[in-house]
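To start, the structure under review is shown below, and the notes come after it.
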Amino acid sequence: MGEVILTMKDIDKSFPGVHALDHVNFEVKRGEVHALMGENGAGKSTLMKVLTGIYQKDSGSIVYKGQETEFHNTREAQDAGVVIVHQELNMVGDLTVAQNIFIGREPKKGFRIDDKKMIEDSKKLFQDLNIEINPKEKMKNLTVGKQQMCEIAKAISHKAEVIIFDEPSAALTEKEIADLFEIIRDLRKKNLGIVYISHRMDEIKTITDRVTVMRDGGYVGTLITKDSTKEDIINMMVGRVIYEDPKQESAVPADAPVVLKVEHLNAGKMVQDVALS
Ligand SMILES: Nc1ncnc2c1ncn2[C@@H]1O[C@H](COP(=O)(O)OP(=O)(O)OP(=O)(O)O)[C@@H](O)[C@H]1O
Ligand SMILES: [Mg+2]
């Protein structure tokens, strides 16, 4: 890990009726993968949206590369090298891969879009990432995993210095996650600051250097990943000690009447021959 590239301090943000961020602190160093963890609704995405100019903070300070910074929109953040790969995919299905990557900033030849250059530049991006995607393919014909890779290529094409992955793995296969981790390791080697949001503890242990935990919009703490156990992290997330051992006895009397019983339930590939009562 290198020097600190980004410091968020005392960040506060409310939506009508929701105190989404309550004086949150967060820091990223160059050459670091920093996990942001917390239960659903803890404020992880909101914090990163405040960073990248999608939302404006109510108070607090953001220092990026030594300077007090406030981005007013994602364009400003991108131009400064702070990019986010969103939880939701943001690609246009009917456009090609290359068109999606360069949307809004297409290379021009005179007054016309320089398709050839756009395709060449896309090819080069994919080469750097070691992934095989045809830039001429329509986005909607790619798997979700490949679309995610395009989002990443697009992010990197902005000369990113800080890159935020908001639950990138949710829709990826195991092979695609392995590819993604290769890319992240490579970005770390290139000294980028990387934020990795995920609920999957195994991934956090595999790919991250530090972990910051949030709970109910608040900052709980920051740990060094290799010095922490999964239980340490979970305890910080939920705010109470979790007992891993299953309970031996049910609180419900054995002769209580059954109110719902399911047998041999099938629904698609994921649900097969399920029984519960
Ligand atoms: N645009 C918005 N308007 C109103 N409330 C919002 C908005 N965005 C987020 N919130 C609220 O702020 C809180 C934090 O949400 P956020 O999406 O940051 O959580 P998260 O940690 O990313 O959760 P998840 O793991 O489910 O993605 C939640 O209570 C959410 O409902
Ligand atoms: Mg989120």
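Some values worked out for this structure:
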| item | result |
| --- | --- |
| Verdict on K123 being open to solvent by 10 Å² or more (accessible area, probe 1.4 Å), within 21 Å of N90 (Cβ to Cβ) and of a type in the set (K, R) | no |
| Tally of residues being open to solvent by less than 20 Å² (accessible area, probe 1.4 Å) and assigned to a loop (DSSP other than H, G, I, E, B) across region 173-191 | 0 |
| Residue tally, condition more than 16 Å from ligand 2 (Cβ to nearest atom) and touching a residue at least 12 places away in the same chain (Cβ under 8 Å), over region 163-174 | 3 |
| Hits in region 129-148 (condition: at pLDDT below 90, surrounded by 14 or more Cβ atoms within 10 Å (Cβ to Cβ) and out of contact with any Leu (no Cβ under 7 Å at 6 or more places or on another chain)) | L129, I131, K146 |
| Any chance K49 is among the basic types (K, R), modelled with pLDDT of 95 or more and more than 16 Å from the chain's Cα centre (by Cα) | no |
| Sole residue being open to solvent by 60 Å² or more (accessible area, probe 1.4 Å), in contact (Cβ under 8 Å) with a residue 12 or more places away in the chain, in a loop (DSSP other than H, G, I, E, B) and not hydroxyl-bearing (S, T, Y), chosen from K159, K205 | K159 |
| Residue among D94, D58 that alone is away from ligand 2 (no atom under 16 Å from the Cβ), farther than 30 Å from L6 by Cβ, touching a residue at least 12 places away in the same chain (Cβ under 8 Å) and open to solvent by 60 Å² or more (accessible area, probe 1.4 Å) | D94 |
| Output for region 208-241, where each listed residue is open to solvent by less than 60 Å² (accessible area, probe 1.4 Å) and in a loop (DSSP other than H, G, I, E, B) | T208, D209, G217, S228, G239 |
| Residue that is out of contact with any helix residue (DSSP H, G or I) (no Cβ under 7 Å at 6 or more places or on another chain), of a type in the set (G, A, S) and modelled with pLDDT under 90, where the choices are A160, A155, A171 | A155 |
| Sole residue being under 27 Å from T229 (Cβ atoms), of a type in the set (S, T, Y) and in contact with a strand residue (DSSP E or B) (Cβ under 8 Å, 6 or more places away or on another chain), chosen from S45, S59, S14 | S45 |
| Residue list for region 98-117, filter: surrounded by fewer than 19 Cβ atoms within 10 Å (Cβ to Cβ) and assigned to a helix (DSSP H, G or I) | D115, K116, K117 |
| Test: residue in region 26-40 that is away from ligand 2 (no atom under 16 Å from the Cβ), buried (at least 17 other Cβ atoms within 10 Å of the Cβ) and either of a type in the set (F, W, Y) or farther than 27 Å from I184 by Cα (or both) | no |
| Members of region 62-79 that are in contact (Cβ under 8 Å) with a residue 60 or more places away in the chain and within 19 Å of the chain's Cα centre (by Cα) | Q78 |
| Options G217, G193, G239: the member that is in contact with a strand residue (DSSP E or B) (Cβ under 7 Å, 6 or more places away or on another chain), among the small types (G, A, S), farther than 30 Å from A153 by Cα and at pLDDT 95 or above | G217 |
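Residue-wise test of (1) within 16 Å of ligand 1 (Cβ to nearest atom); (2) in contact with a Cys (Cβ under 8 Å, 6 or more places away or on another chain); (3) among the hydroxyl-bearing types (S, T, Y).
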site: G17; (1), (2), (3): yes, no, no
site: K29; (1), (2), (3): no, no, no
site: Q56; (1), (2), (3): yes, no, no
site: T74; (1), (2), (3): yes, no, yes
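The values are calculated or read from the model by the stated rules, or taken from the named source; none is laboratory data. On a predicted model such as this, the values are computed, not experimentally measured, just so you know. Here Cβ is always computed from backbone atoms with ideal geometry, including for glycine, and neighbour counts include all displayed protein chains. When the accessible area is computed, the model is the full protein with side chains, heavy atoms only, and any ligands, DNA or RNA have been set aside. Shrake-Rupley method; radii C 1.70, N 1.55, O 1.52, S 1.80 Å.
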